[in-house]
Amino acid sequence: MTFTRFMQVGRIVLINYGPEEGKLATVVDIVDQNKCLIDGPADITGVERQVISYTRIALTDFLIKIDKNAKSKDVEKVWEEEDISGKWEATSWAKKLASRKRRVSLSDFDRFKVMVAKKQKAAIIAKKMAA
Amino acid sequence: MTVAGMMKQFQVVGRHMANVEHPNPEAYRMIIFAPNPVIAKSKFWYYMHQFRKMKKTTGEILDCVELVEKDSQSVKNYGIWLRYDSRSGTHNMYREFRDVKLTGAVSQLYDEMAGRHRTRPRSIRIIRTSIVADEDLKRLNPMQYVGDDVKFPLPHRVASGKRGQKALSARTYTKNRPTTYFG
């Protein structure tokens, strides 16, 4: 099993737990085997510079070139250049998270609409299969 | 000392009571690591009466102020010299920790001494602390994490069984082996 995602300076991570759940952040420095220093950057993702445990984060495939302990502004600049936010929204991981969130927030009427749409889809497929 | 938990750093200044012969006695300042100012002041007297002929009844505390970390946004290496009592004697020790604050490193110290040596907080006396440059680190563990190109995977990620589960039955039995490989 080869590893492709590494804990390193510049790695983009998704926060899985805690008050910043669901947000992206950049690893700015590594403290030790259990925690690292992350930064949103705060103006883009809303995550302030803080120490976070590895158990609360998930590594993504994205990596940006920043210096160790780079200032928030420098991280922001590289983030904008690479358009990490855009690239992240395009991944199926982000889309799945978004659809899960949407599903949980549906009202009863929305769920009714979903049921009707599913029935229509099933009817089209059945007609195609019969033919 | 009671349960350590998150330590705070206090500057405690005290002196002997003023009297007619010595109207202005010399004031002494100590940096004490304690969970709260009450324990900090108590520890101040504990140390002061070991070093000088002064105790709580014959002295007064002039000031007890919490010292807050100036830069809590960058990781530093802390070297801590301490003296601790083991079951059969008392020893000196030097340990290094990487943390964002000195109080964080000291809290780590108490937890590690408890874990590795069963030392209770009451048996630990911190002699000296300092920030150590990357090149001057002596202990292997913090040495691994300094440098510009530190890189390692997070292998065998074990999820917390309790996270997100409502019922005990939800986490006790599962039909699929959990996956621990996340790239």
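The values are calculated or read from the model by the stated rules, or taken from the named source; none is laboratory data. Computed from a predicted model, the values in this text were never measured in an experiment. When we count neighbours, we look across all protein chains shown, and the Cβ atoms used for this are built from the backbone with ideal geometry, even at glycine.
Before moving on, here are some points about what is shown:
- Complete set of residues in the stretch A:34-50 that are in contact with a helix residue (DSSP H, G or I) (Cβ under 8 Å, 6 or more places away or on another chain) and either in contact (Cβ under 8 Å) with a residue 60 or more places away in the chain or within 8 Å of chain B (Cβ to nearest Cβ) (or both): A:R49
- Selection of the stretch A:61-84 for residues being within 9 Å of chain B (Cβ to nearest Cβ) and under 13 Å from the mean Cα position of the chain (by Cα) yields only A:D61.
- Residue satisfying condition, being at pLDDT 95 or above, within 26 Å of B:K138 (Cα to Cα) and of a type outside the set (S, T, Y), within set B:W81, B:W45: B:W81
- When A:W88, A:W93, A:W79 are checked against the criterion of being in a helix (DSSP H, G or I) and touching a Leu at 6+ places or on another chain (Cβ under 7 Å), a single residue qualifies: A:W88.
- Checked against (1) surrounded by 14 or more Cβ atoms within 10 Å (Cβ to Cβ); (2) part of a loop (DSSP other than H, G, I, E, B); (3) at pLDDT 90 or above, B:G183 passes all but a single condition, namely (3).
- Per-region count, the stretch A:102-121, residues outside any helix (DSSP H, G or I) and not small (G, A, S): 1
- Residue in the stretch A:58-69 that is assigned to a strand (DSSP E or B) and either of a type in the set (V, I, T) or in contact with an Asp or Glu (Cβ under 6 Å, 6 or more places away or on another chain) (or both) present: yes
- Elements of type strands (runs of 3 or more DSSP E) in the stretch B:45-101, at least 3 residues being among the charged types (D, E, K, R) and either closer than 30 Å to A:I38 by Cβ or within 14 Å of chain A (Cβ to nearest Cβ) (or both): B:90-99
- Scanning the stretch B:138-159 for residues that are of a type in the set (D, E, K, R) and more than 7 Å from chain A (Cβ to nearest Cβ) yields B:K138, B:R139, B:D149, B:R157.
- Single residue of the stretch A:1-32 satisfying the filter (assigned to a loop (DSSP other than H, G, I, E, B) and among the hydroxyl-bearing types (S, T, Y)) that is nearest to A:R100 (Cα to Cα): A:Y17
- Between B:D99, B:D63, B:D85, B:D111, the distinction of being touching a residue at least 60 places away in the same chain (Cβ under 8 Å) and of a type in the set (D, E, K, R) belongs to B:D111 only.
- Pair list, Cβ < 8 Å and 6+ apart or interchain, from the stretch B:160-183 residues that are within 14 Å of chain A (Cβ to nearest Cβ) to residues that are not in a loop (DSSP other than H, G, I, E, B): B:S160/A:T55; B:G161/B:R171; B:K162/B:R171; B:Q165/B:R171; B:F182/A:A58; B:F182/A:L59; B:G183/A:L59; B:G183/A:D61
- Close pairs (6 angstrom Cβ cut-off, 6 or more residues apart or separate chains): within 11 Å of another protein chain (Cβ to nearest Cβ) in the stretch A:1-29, of a type in the set (S, T, Y) and assigned to a loop (DSSP other than H, G, I, E, B) anywhere: A:M1/B:Y181
Each row is one residue, and each column tells you yes or no for (1) touching a Lys or Arg at 6+ places or on another chain (Cβ under 9 Å); (2) within 15 Å of B:F152 (Cα to Cα).
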{"residue": "A:G40", "(1), (2)": "yes, no"}
{"residue": "A:T45", "(1), (2)": "yes, no"}
{"residue": "A:E48", "(1), (2)": "no, no"}
{"residue": "A:L59", "(1), (2)": "yes, yes"}
{"residue": "A:K65", "(1), (2)": "no, no"}
{"residue": "A:K73", "(1), (2)": "no, no"}
{"residue": "A:K77", "(1), (2)": "no, no"}
{"residue": "A:E81", "(1), (2)": "no, no"}
{"residue": "A:W88", "(1), (2)": "no, no"}
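- Those residues of the stretch B:14-40 which are closer than 30 Å to B:L109 by Cβ, more than 17 Å from the chain's Cα centre (by Cα) and of a type outside the set (A, V, I, L, M), in sequence order: B:G14, B:R15, B:Y28, B:R29
- Taking the stretch B:62-99 as the range and being under 24 Å from B:V12 (Cβ atoms), buried (at least 17 other Cβ atoms within 10 Å of the Cβ) and of a type in the set (V, I, T) as the test, only B:I80 passes.
- Verdict on A:D61 being in contact with a Ser or Thr (Cβ under 9 Å, 6 or more places away or on another chain), of a type in the set (D, E) and in contact (Cβ under 8 Å) with a residue 24 or more places away in the chain: yes
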